[in-house]
Amino acid sequence: MNTLHIKTGDKVKVLAGKDRGKEGTVIEVSVKERKALVEGVMIATKHIKPRQMGEKGGIEKVESPIFVDKLQVVCPKCGKATRIAHEVVDGKKLRKCKKCAATF
């Protein structure tokens with residue numbers, strides 16, 4: 001599989017896991033791993049050790065990747081989580097909402 005239904009910048013909704021129901025914007029997509037980095041979803045605690053003199057260590061909250069299969073695109077027009085259809089118009093492949101038929 002070399003294509004995904006999610007692109008960088010899409011607004012998505014989480015379907016499964018501890019963050020089910022949350023919405024966020026896709027920051028980064030890894031096609032090879034089939035994972036996406038979503039803003040505000042899958043927050044992990046990372047312990048940082050000071051590496052240089054004067055540098056502070058501590059605990060940081062960072063987003064970790066989530067499988068694309070657990071995400072669904074939110075339509076920009078109707079605002080609902082929906083599956084994506086594809087349509088070719090004037091030689092361009094557009095994505096289409098299955099619920100309200102809006103293209104984006």
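Read the figures in this text as sums done on the coordinates, not as results from a lab. Remember, predicted model here, so these are calculated numbers, not experimental data. Every residue, glycine among them, receives a Cβ derived from its backbone with ideal geometry; neighbour counts consider all protein chains shown.
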**Request:** Can you spot the lysines whose alpha carbon is less than 26 Å from residue 61's alpha carbon? Ignore those fewer than 8 places along the same chain.
**Result:** 7, 11, 13, 18, 22, 32, 35, 46, 49, 70
**Complete:** Among 75, 36, 17, the residue whose Cα sits farthest towards the positive end of the charge dipole of region 11-75, when +1 is placed on the Cβ of each Lys and Arg and -1 on the Cβ of each Asp and Glu, is 17
**Asked** What does the charge add up to near residue 79, with Lys and Arg as +1, Asp and Glu as -1, over the other residues with Cβ less than 13 Å from its Cβ?
**Response** +4
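State, as an integer percentage, the relative contact order of region 11-75 based on alpha-carbon contacts under 8 Å between residues 6 or more apart.
Numbers: 119 pairs, mean separation 23.5, N = 65.
The value is 36 percent.
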**Asked** Once all Cα-Cα distances of region 11-75 are split into 10 Å bins that start at 0, what whole-number percent is in each one?
**Response** 21, 43, 21, 13, 2
**Prompt:** So how do 79-91, 7-19 stack up, highest first, on mean other-Cβ count within 10 Å?
**Reply:** 7-19, 79-91
